[in-house]
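Here's the structure we're looking at; comments come further down.
The values are calculated or read from the model by the stated rules, or taken from the named source; none is laboratory data. Here the structure is a predicted model, which means the values were calculated and not measured. Glycine gets a Cβ as well: all are built from the backbone with ideal geometry, and neighbour counts include every protein chain shown.
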Amino acid sequence: MKGKLNKNVLSHGITVLAFMMFNLLGLGSASTQPSVQNGQSASGQQSIQQAGQREQSASSQPNRREQISFERIIDAPGVSKETIFNRAYMWFEDFVWTSGAGTEILFLEKESGLISGSHVVDNITPMDAALGVVLGYQRVYHIVTSTINLEINDEICILTFSDTTWRNSDSRPNVSYPLTRRGPENRIADIVVREWEKAATNLTANINR
């Protein structure tokens with residue numbers, strides 16, 4: 001009986017020792033399972049995080065196929081709708097003279113606070129213009145046309161440029177294309193947006209003078 005008891009104790013000791021060695025070497029079931037938080041494994045959470053970062057990065061990139069546009073909200077604290085309208089109208093008249101041929105006021109309504117018209121940026125030199133001069137090509141310019149709108153109310157004016165198209169100076173007037181940021185059009189768009197930003201800065205100064 002005593003021998004049988006010693007044999008059981010020895011067997012139990014060997015089992016405990018083997019279990020301890022098993023866990024010590026990292027082979028236990030607790031060590032081989034991936035860490036889980038909120039029902040997601042560590043690798044799964046990392047994949048979701050990376051996908052979210054890619055989605056956020058993609059959403060921050062402009063859609064180069066979209067027609068370019070511009071909007072500026074101009075605050076004018078303490079300035080009435082009538083005063084803003086009069087100052088914006090005077091600014092627009094000067095803007096007509098300093099912009100390309102074809103810039104004009106097409107709609108004017110003081111009661112509703114709306115002024116709209118067309119804006120033209122011309123004489124945009126193509127990137128290959130220098131090569132054209134060397135080879136004796138006819139000099140061609142890019143011409144960009146857009147709709148300009150001013151929405152006016154007490155203490156605020158919203159300036160927008162939209163419906164933007166472009167054409168070459170040697171093409172027929174009715175042959176134009178939506179201006180996007182695809183390929184070579186991106187350079188034209190940069191030039192036009194800089195003109196819009198200057199216009200917005202100048203209008204802001206005139207309204208808040």
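So the values come out like this:
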read-out	value
Strands (runs of 3 or more DSSP E) contained entirely in the range 31-149, each with at least 2 residues that are modelled with pLDDT under 95 and within 30 Å of Thr180 (Cβ to Cβ)	104-109, 114-124
Those residues of the range 141-197 which are within 28 Å of Lys81 (Cα to Cα) and either loosely packed, with under 13 Cβ neighbours inside 10 Å or charged (D, E, K, R) (or both), in sequence order	Glu151, Asp154, Glu155, Asp163, Arg194, Glu195, Glu197
Which numbered condition Thr165 misses (of (1) β-branched (Val, Ile, Thr); (2) over 17 Å from Gly117 (Cα atoms); (3) not in a helix (DSSP H, G or I))	(2)
